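J.: One structure follows; several queries about it will come next.
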């Protein structure tokens, strides 16, 4: 199969869909790989590194989209990229369609086969292709929050871990999944005063067992949340509903009860955000202030550390890319129900239940499109 790797064009997105090492693996298995010129520059992967791995270099994105059977990206295709997609062409990337009706319309109109990293599942009920970026984003959330707490960046002027004789900052983490767990690890490691809220008994037990006395682990309800918000210096929104829009956990009214100069980091912004006052920002302009509370809502947080992120992502995605390339999308999805869960839209139809529900489309079961694969 001919696999195309375009250069990411979302503002300040520096990751790349395939590293040279992944390209070498695909070439070893008999596939052809076409990489757009300078696609890996930001992670230190030169065009000559890709060529040494066996790839061809495409001069521009249009020629790559024209030729490739399978497009492997990182972020959702931008409007100009969506216009390049063809019927039957396979797109494998993060999509986050639930809060993005315009993208969904374009992908449906293209007739392409669109498989989203974030809804591929595993035997444990996890999201293995989302997990590495959730790990990165959770850890980055604490770094970003610590930066935003500095007075020059709009915050209260607090050092996250304090110093002897001065109390540390109070960190509130909403959600104890992969993002929340990794954020808590970082915050605890920096000696902040950490509280984690979740509603899942299993998650609460796991978190309490892991962190012990180093963090408070509390069952989330309205009263507990409101009390925690009033005392928080940094709040990390780490809630995810696979494929669906994120629930709004913190209202504008609740925001007004927070201490001026407190910081919100909304890691869920890719799926719409979990604070009522959230709106996407960029690495170039990462924050804004509402009611004296600093909001950090960068929609592609792992893009700030593209080398770490690209390699972590490739570790997770390469087996799926190999399966799609070796078997074709129909057979690969027929053989693997977890990869099949990644199919969000195909040939003009929505095939993921959460996306259909969020955007008001009729649902077509993925199994009905696989034919005699």
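J.: What percentages, rounded to whole numbers, describe P(r) for segment 139-191 computed over all alpha carbon pairs with 10 Å bin width beginning at zero?
T.: With a bin width of 10 Å, the distribution comes to 26, 53, 20, 1.
J.: Percent antiparallel among DSSP beta bridges with both residues in the chain, to the nearest 5?
T.: 20 percent
J.: Pop a pseudo-label 7 angstrom from the Cα along the beta-carbon direction at both residue 29 and residue 105 and give the gap in nm to one decimal.
T.: In this crude label model, residue 29 to residue 105 measures out at 3.7 nm.
J.: Rounded to whole Å, give me the distance from the Cα center of segment 213-284 to that of segment 23-53.
T.: 40 Å
J.: Which residue fluctuates most in the GNM of the chain (Cα springs below 10 Å): 32, 89, 78?
T.: Comparing 32, 89, 78 in the GNM, the peak value goes to 78.
J.: Just want the ordering: 94, 117, from fewest to most Cβ atoms lying within 10 Å of their own Cβ.
T.: The most exposed by this proxy come first: 94, 117.
J.: Once you put a point 7 Å from the Cα of residue 253 and another 7 Å from the Cα of residue 38, both along the Cβ direction, what distance in nm separates them?
T.: Once both label points are built, they end up 5.2 nm from each other.
J.: Continuing with this model, one more query. Plugging the Kirkwood radius over Cα pairs into Stokes-Einstein for segment 131-304, at a temperature of 25 °C and a viscosity of 0.890 mPa s, what D comes out in µm²/s?
T.: So the translational diffusion coefficient is about 157 µm²/s.
J.: Using a 10 Å cut-off around each Cβ, can you sort 329, 147 from fewest to most neighbouring Cβ atoms?
T.: 147, 329
J.: So for segment 211-287, averaging the separation of alpha carbon pairs under 8 Å that are six or more residues apart and normalising by length, what relative contact order in percent results?
T.: 31 percent
J.: Separate question: Whole angstrom only: what separates the Cα centroid of segment 100-152 from the Cα centroid of segment 305-339?
T.: Measuring centre to centre over Cα atoms gives 16 Å.
J.: Please arrange 46, 330 by counting, for each residue, the other beta carbons lying within 10 Å of its beta carbon, fewest first.
T.: 46, 330
J.: Hey, any idea what the orientation-averaged projected area of the convex hull of the chain's Cα atoms comes to, in nm²?
T.: The orientation-averaged projected area of the Cα hull of the chain comes to 18.6 nm².
J.: For helix 201-211, report the angle its Cα long axis makes with the longest principal axis of the Cα atoms of the chain; keep it between 0 and 90° and round to the nearest 10°.
T.: 70 degrees
J.: Right, next: Compute the length gained on full extension between residue 282 and residue 307: take 0.36 nm times their separation in residues and subtract their Cα-Cα distance, giving the result in nm to one decimal.
T.: 7.2 nm
J.: Determine by what factor the alpha-carbon radius of gyration of segment 50-174 differs from 2.2 N^0.38 Å, reporting the quotient.
T.: Cα-based Rg divided by the globular estimate yields 1.51.
J.: Compute the helix-to-body angle for 101-110: its Cα long axis versus the longest principal axis of the chain, expressed 0 to 90° and rounded to tens.
T.: It works out to around 10 degrees.
J.: If you take the Cα Rg of segment 94-157 and divide it by 2.2 N^0.38 Å, with N the number of residues, what do you get?
T.: 1.63
J.: Compute the angle between helix 131-148 and the longest alpha-carbon principal axis of the chain, please, reported from 0 to 90 degrees and rounded to the nearest 10.
T.: With rounding to tens, the tilt is 40 degrees.
J.: Which whole-number percent gives the relative contact order of the chain, counting Cα pairs below 8 Å spaced six or more residues apart?
T.: Here the relative contact order equals 18 percent.
Coordinate-derived values only; no laboratory data. Keep in mind it's a predicted model, so treat the numbers as computed, not measured. Positions of Cβ are generated from backbone atoms using ideal geometry, with glycine treated the same way; all protein chains shown enter the neighbour counts.
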